[in-house]
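The values are calculated or read from the model by the stated rules, or taken from the named source; none is laboratory data. Computed from a predicted model, the values in this text were never measured in an experiment. Quick reminder, even Gly has a Cβ in these numbers, built from the backbone with ideal geometry, and neighbours come from all protein chains shown.
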Amino acid sequence: MTKWICQYFYFKVTKALRDANLSYNNIEEAAVGYVYGDSTCGQRALYPIGLTGIPIFNVNNNCSTGSSALLLAARHIQGGLVDCALALGFEKMQRGSLSSQVSLSVSD
């Protein structure tokens with residue numbers, strides 16, 4: 001993961017915690033959603049910003065990945081498993097990764 005991405009995560013997570021009047025020590029677990037990446041992208045995103053020693057769930061559910069990460073974190077809070085969970089979704093796609101390999105044109 002590039003340095004600027006880790007800096008971006010640090011900035012966004014810090015801002016979210018500040019908005020919620022929380023600190024990094026309050027986070028008991030994290031659900032991290034991404035589609036195109038290695039199996040441990042959640043750890044690779046959060047370890048450099050100091051979030052170690054907590055469970056980090058890597059979520060992949062195609063177009064609803066971010067929502068699925070949020071749902072997982074919310075369910076764990078609602079179920080009393082944790083008091084504070086972080087949900088994070090991100091994607092860094094290669095240029096042209098959504099281009100079609102098949103022509104979808106209609107002909108007579």
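When we screen 5, 27 for residues that are under 14 Å from residue 92 (Cα atoms), in contact (Cβ under 8 Å) with a residue 40 or more places away in the chain, of a type outside the set (Asp, Glu) and out of contact with any Phe, Trp or Tyr (no Cβ under 7 Å at 6 or more places or on another chain), the only hit is 5.
Remark: residue 13 falls outside the filter, which requires a residue to be crowded, with 16+ Cβ neighbours inside 10 Å, of a type in the set (A, V, I, L, M), in contact (Cβ under 8 Å) with a residue 40 or more places away in the chain and not in a helix (DSSP H, G or I). Within segment 31-49, residues that are over 18 Å from residue 84 (Cβ atoms) sit with their Cβ atoms under 8 Å from residues that are small (Gly, Ala, Ser) and part of a loop (DSSP other than H, G, I, E, B), at 6+ positions apart or across chains, in these pairs: 36/97. Among all residue pairs at least 6 apart or on different chains, which show Cβ distances below 8 Å where the first residue, located in segment 72-85, is in a helix (DSSP H, G or I) and the second is β-branched (Val, Ile, Thr)? Listed by first residue and then by second, the contacts come to 72/59; 76/82. Can you find, within segment 84-108, the residue that is modelled with the highest pLDDT among those that are of a type in the set (D, E, K, R) and loosely packed, with under 10 Cβ neighbours inside 10 Å? The qualifying residue modelled with the highest pLDDT is 95.
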